[in-house]
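K.L.:
Before I ask anything, here is the structure I am working with.
No lab work stands behind these numbers, since they all come straight from the coordinates. Since this is a predicted model, take the numbers as computed values, not measurements. Every residue, glycine as well, gets a Cβ built from its backbone with ideal geometry; the counts of neighbours run over all protein chains shown.
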Amino acid sequence: MKNNLGIYIHIPFCVRKCNYCDFLSFPADDDTKRAYARALVREIRAYGETAADREVETVFIGGGTPSVMPADCLADIMKAVTSTFDVRPDAEITMEMNPGTGGEGLLNFLFSYVNRVSIGLQSADDAELQELGRIHTWQDFLSAYRMLRDAGMKNINVDLISAIPNQTGESWLRTLNCAADLKPEHISAYSLIVEEGTPFGKRKAEGSLKLPDEDLERRMYADTEETLALRGYHRYEISNYSLPGCECRHNVRYWTGGDYLGLGLGSSSLMDHVRWKNTSDPDEYLRSSANPQELLRDMESLSLKSQIEEFMFLGLRMTEGVTETEFRKRFDMDMNSLYGDVLEKLEYEEMITDEGGRVKLTGRGVDVSNRVLAEFLLD
């Protein structure tokens, strides 16, 4: 029986950087995009022997903005994936796209290779979109969404961001309801994190970034779950909501410690308890992609300690939590023997519950999840 695998493909190009973005992405001309696609194909094919005993269950094409790539380049990349790897017939294949991108031929590519599309909306308020530095309007998003639906796309995620500059509780509720009215299968609702080195980071350092206060941010967080629950969406991870059976299988792989192979500039991988990432130098990537070993950076064999910590604080991000049975199966030890005092303390503080050996965060625990999850770091 083959081991299963997820594949992440990084497309680093975008029309322009958003004000909050610290991802590895940048604008590029058509020649650069085509050269990158050729390099990606070389890297993919070089993994033929590595992939021989693997069955691919998920593919995620992310960025950047993959939909800025020429459609024929995207097709070449996916042809290389399907000819190199054993991709299951029922594999979940996701591509990210932004409204206002995607030239002629994109739909043909999507319906030839992709069965799940993730669209970056972020806000249904045009002033908020402008503040974020997005290239599209609410109407642009609607046009892109309806184009996909009219063409028959049956699995769509919508990305949203709360706690953005000058946002109010009322405008966030409007965004949630506007998104839910469209009945996408999945909604990701993240709270803004202001990263150093971004335009927002610089404005925050200068004191000119007006963000919602902590109380409003918490209200937005509570409103998200309540509003989406009323519309039929269940939260299965701290920031992710879906209709029944429409959870993102690729992201669940990350949270449950499954193996994944990252392809492309700066992409990260985890296979057989070894983690690494590709070079972030575009010239180096283009030059050496046919020899993936030359691309590898920060390779680390995860210690048992690291594996246990990640099992706990990634698994507890999911509403199903973690089980004592799975802990014992993976690590050949009892969860309580290692974390008994922590579990007892957090249960007393009503941060977690233990329901027949299944440990999960309470609503209160989710509100301060970073603090709670830090308790599972081992000395």
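K.L.:
If a paramagnetic tag sat 7 Å from the Cα of ASN115 along the Cα-Cβ line, which residues of region 146-166 would have the backbone N under 20 Å from that point?
P.N.:
Taking a point 7 Å out along Cα→Cβ of ASN115, the residues of region 146-166 whose backbone N falls under 20 Å are 148-158.
K.L.:
Considering the chain as a Gaussian network with a 10 Å cut-off on Cα pairs, which listed residue, GLY340, GLY232, GLY257, attains the greatest mean-square fluctuation?
P.N.:
The residue that fluctuates most here is GLY340.
K.L.:
At what distance in nm do the modelled label points of GLU284 and ILE135 sit from each other, each positioned 7 Å from its Cα along Cα→Cβ?
P.N.:
Label-label distance for GLU284 and ILE135, simple model: 2.8 nm.
K.L.:
With charges set only on the Cβ (+1 for Lys and Arg, -1 for Asp and Glu), what does the dipole of the chain come to about its Cα centre, in debye to the nearest 20?
P.N.:
960 debye
K.L.:
While we're on this one: Would you mind computing, in nm to one decimal, how far apart the modelled labels at LEU173 and GLU320 are, each placed 7 Å from Cα along Cα→Cβ?
P.N.:
Label-label distance for LEU173 and GLU320, simple model: 3.3 nm.
K.L.:
Is region 304-374 best put as rounded, prolate or oblate by its Cα gyration tensor, with a ≥ b ≥ c the root eigenvalues, rounded for a/c under 1.5, and otherwise prolate when a/b is larger than b/c, oblate when not?
P.N.:
Here region 304-374 falls in the prolate category.
K.L.:
Can you tally the lysine pairs in the chain where the Cα-Cα distance is under 23 Å and the two residues are eight or more apart, or on different chains?
P.N.:
Here the count comes out as 18.
K.L.:
Let me ask another. For region 1-58, what ratio Rg/Rh do Cα atoms give with a Kirkwood hydrodynamic radius?
P.N.:
1.11
K.L.:
Explain nothing, just the number: dipole magnitude of region 304-374 about its Cα centre with +1 on each Lys and Arg Cβ and -1 on each Asp and Glu Cβ, in debye rounded to the nearest 20.
P.N.:
Its charge dipole is roughly 240 debye.
K.L.:
Tell me, in nm to one decimal, what length is gained between THR32 and GLU310 on full extension, where the rule is 0.36 nm per residue of separation less the Cα-Cα distance?
P.N.:
Length gained, THR32 through GLU310: 96.4 nm.
K.L.:
Also: Out of residues 5 or more away from VAL59 or on other chains, whose amide H comes under 5 Å of its own, with H placed 1.01 Å from N in the peptide plane?
P.N.:
For VAL59, the qualifying residues are ILE7, GLU92, ILE93, THR94.
K.L.:
Taking 41 Å as R0, compute the FRET efficiency from the Cβ-Cβ separation of ASN3 and LEU142 and round it to 0.05.
P.N.:
The pair ASN3/LEU142 has a calculated efficiency of 0.45.
K.L.:
What span do the alpha-carbon atoms of region 3-255 cover on each of the three principal axes, reported in whole Å from largest to smallest?
P.N.:
On the principal axes, region 3-255 reaches 53, 39, 33 Å in Cα extent.
K.L.:
Also, I was wondering about something else. If I model a spin label as a point 7 Å beyond the Cα along the Cα-Cβ vector, how far apart are those points for LEU24 and SER303 in nm?
P.N.:
For LEU24 paired with SER303, the spin-label model returns 2.6 nm.
K.L.:
Continuing with the same structure: Search the structure for amide H atoms under 5 Å from the amide H of SER267, placed 1.01 Å from N in the peptide plane, and list their residues when 5 or more places away or on another chain.
P.N.:
ASN278
K.L.:
So what J values fall out for region 102-115 if you push phi through Karplus, 6.51 cos²θ - 1.76 cosθ + 1.60 with θ = phi - 60°, rounded to Hz, Gly and Pro as x?
P.N.:
For region 102-115, the Karplus curve yields x, x, 4, x, 4, 4, 4, 4, 4, 7, 8, 10, 10, 10 Hz.
K.L.:
At 222 nm, what value in deg cm²/dmol follows for the chain if DSSP H runs of at least 4 each add -39500 (n - 2.57) and the sum is divided by all its residues, to the nearest 500?
P.N.:
Calculated at 222 nm, the ellipticity per residue is -12000 deg cm²/dmol.
K.L.:
Can you find, among SER267, SER369, GLY356, the residue sitting farthest towards the positive end of the charge dipole of the chain, where Lys and Arg contribute +1 and Asp and Glu -1 at Cβ?
P.N.:
Selected residue: SER267.
K.L.:
Something else: Could you calculate the contour length gain from ASN166 to ARG149, that is, 0.36 nm times the residue separation minus the distance between their Cα atoms, to one decimal place in nm?
P.N.:
Fully extending the segment from ASN166 to ARG149 adds 2.9 nm.
K.L.:
Ok, one more. Using a 4.7 Å Cβ cut-off, which Cys residues in the chain lack a partner cysteine?
P.N.:
Isolated Cys, the chain: CYS14, CYS73, CYS178, CYS246, CYS248.
K.L.:
To continue, here is another question. Quote the charge dipole size of region 129-197 about the Cα centre in Debye, to the nearest 20; the model charges only the Cβ of Lys and Arg (+1) and of Asp and Glu (-1).
P.N.:
Computed charge dipole of region 129-197: roughly 340 debye.
K.L.:
Along the charge dipole of region 3-255, which of LEU74, LEU173, VAL252 sits closest to the positive end, that is, farthest toward it, with unit charges on the beta carbon of Lys, Arg, Asp and Glu (+1, +1, -1, -1)?
P.N.:
LEU74
K.L.:
Quick check: residue separation of ARG88 and THR50 times 0.36 nm, minus the Cα distance between them. What number comes out in nm?
P.N.:
Residue separation times 0.36 nm, minus the Cα-Cα distance, leaves 12.0 nm.
K.L.:
Still on this model: Among GLY120, ALA163, MET312, whose Cα projects farthest towards the positive end of the dipole of the chain, with charges put on the beta-carbon of Lys, Arg (+1) and Asp, Glu (-1)?
P.N.:
GLY120
K.L.:
Do any GluC sites (Glu not before Pro) in region 142-223 lie in a DSSP loop with no more than 14 other beta carbon atoms within 10 Å, and if so, which?
P.N.:
Qualifying residues, ordered by number: GLU195, GLU196.
K.L.:
A further question on this structure: Whole-Hz Karplus ³J(HN,Hα) for region 135-150, in order, using 6.51 cos²θ - 1.76 cosθ + 1.60 and θ = phi - 60°, x for Gly and Pro?
P.N.:
Result, ordered by residue: 9, 10, 10, 4, 5, 4, 4, 4, 4, 5, 5, 5, 4, 5, 5, 4 Hz.
K.L.:
For region 278-294, what does the Karplus curve 6.51 cos²θ - 1.76 cosθ + 1.60, with θ = phi - 60°, yield as ³J(HN,Hα) per residue in whole Hz, taken in order and with x for Gly and Pro?
P.N.:
7, 4, 9, 8, x, 5, 5, 5, 4, 6, 10, 4, 6, 10, x, 4, 6
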